[in-house]
1. Can you tell me which of (1) closer than 30 Å to P286 by Cβ; (2) out of contact with any His (no Cβ under 7 Å at 6 or more places or on another chain); (3) open to solvent by less than 40 Å² (accessible area, probe 1.4 Å) is the one D89 doesn't meet?
2. Would you say G276 is over 30 Å from I172 (Cβ atoms), touching a residue at least 60 places away in the same chain (Cβ under 8 Å) and assigned to a loop (DSSP other than H, G, I, E, B)?
3. Given the structure, is G197 buried (at least 22 other Cβ atoms within 10 Å of the Cβ) and over 29 Å from S238 (Cα atoms)?
4. May I ask you to verify whether G105 is surrounded by fewer than 17 Cβ atoms within 10 Å (Cβ to Cβ) and either aromatic (F, W, Y) or not in a strand (DSSP E or B) (or both)?
5. I'd like the full set of residues that are without any contact (Cβ under 8 Å) to a residue 60 or more places away in the chain and open to solvent by less than 70 Å² (accessible area, probe 1.4 Å), limited to the range 315-330.
6. Could you list all residues from the range 336-380 that are open to solvent by less than 40 Å² (accessible area, probe 1.4 Å), small (G, A, S) and part of a loop (DSSP other than H, G, I, E, B)?
7. How about the range 2-63: which strands (runs of 3 or more DSSP E) wholly inside it have at least 3 residues that are at pLDDT below 95 and closer than 23 Å to G200 by Cβ?
8. Return the pair list, or none, for Cβ contacts closer than 6 Å from residues in the range 230-244 that are at positive phi to residues that are open to solvent by 10 Å² or more (accessible area, probe 1.4 Å), at least 6 apart or on different chains.
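The values are calculated or read from the model by the stated rules, or taken from the named source; none is laboratory data. Since the structure is predicted, the reported quantities are computational estimates derived from the model, not experimental observations. Every residue, glycine among them, receives a Cβ derived from its backbone with ideal geometry; neighbour counts consider all protein chains shown. For the accessible areas, the whole protein counts, side chains as well, though only heavy atoms, and no ligand, DNA or RNA atoms are used. Shrake-Rupley method; radii C 1.70, N 1.55, O 1.52, S 1.80 Å.
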Amino acid sequence: MSDSRRIFQVYAGSTELSPFHECYANSATVLRSAAGRLFVHDNGEDPGKAYWALRREVALFDVPERPIEVDGPDAVLFLELIFARSVKDLKIGRARYVVACTHDGGLFADGILLRLGATRFWFVHPDGELDTWFLAHRFGFDVTLTDPQSRVLQLQGPRSFEVMRLVSSGAITADFGYFHCGVFDLDGQKLLISRTGWTGELGYEIYTQGDDTDCPRLWSTLMKAGASSGMIFGSMQSMNIRRIEAGILDSGSDFDSSMTPSEAGLEKFVDFNNNGFIGREALLAPPPGKRLFGLLCRELIPSAGCELFDGDKPVGVVTTGAYSPYLKTALGYVRFSAAGDWPTRTLSLHCADKGEAQCEIVDPPFYDREKKIPRTIALP
């Protein structure tokens, strides 16, 4: 049989290659683009092994998240225009998950907002055009918007605290709580750290400081410190399994501007006491009901684009899917065309390249509904 594969050279244009790329790249590395940055979709590793390292030990991920700095006397007022959650009560040294809506109430983007000072914030978004959205709405506000040229590493897993305590010479303690942030010295380099992540596990995000950070040295420091904890480098393959299990959504694929926060199950992140946010008036209308749910399937692994049928009627489309080694079943998210009493229903899953199977509809997350895992540090 002849090999019909072809190798193409692709010009990435303005898409940015990670400064950590040479630390892990190999002949099996597959890159994707998000937020104008290339990141590792697959690095040729065993996704099952990487998944269990994330669940039982610790894994390091090079992610495309892009921070934007907002600073100035009107920073709080400006951010309360952009985001549907209140910002003024966010304490210095704390982080908060936030969503931004369009003027008609659709979900524009999501991400993590970190308060670094009285008027200084970083907003960290995984994808989208938030920098352009900021520029489009900054008129009349005394704020400065800058790109701190920061790349982000995620150190995730139950033993991530051991690694962070070691590389910070004990400065990062168990008192550095969930959704805390601060600047720490890691082997002589000052870095911004937050106790957040995209996996539903205990974890930390490490933000480089532009040219002030020696990225290969930082990588070496982390890998050396994590060796005794069983740390490995993982790609998006293992991270995606875990984030689905944890009920974490991906902007642009699981939800987009055609959905309101309530349709995506994110209504708890809308604060109507914030009187001025974009989209507020549209969201005052009776919510249309939730349209995004999870699915479980024993017979095949769903992928984006697979359709769900209720009898012979198409009712929804899969946005992502994976096999869960922990639950020993395939799972994913489905976006229904209309709100309804979908959980506990059994529907027919149709995948053009895989066939048909029955699946059960559930309300994510698939376990750890109270998010006890990322809040808990098990001291050695």
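1. The one condition D89 does not meet is (3).
2. Here the answer is yes, as G276 does meet what is asked.
3. no
4. no
5. Hits for the range 315-330 are V315, G316, V317, V318, T329, A330.
6. Residue satisfying the conditions is G340 alone.
7. Answer list for the range 2-63: 37-42.
8. As it stands, the answer is G230/E57, since those pairs meet every condition given.
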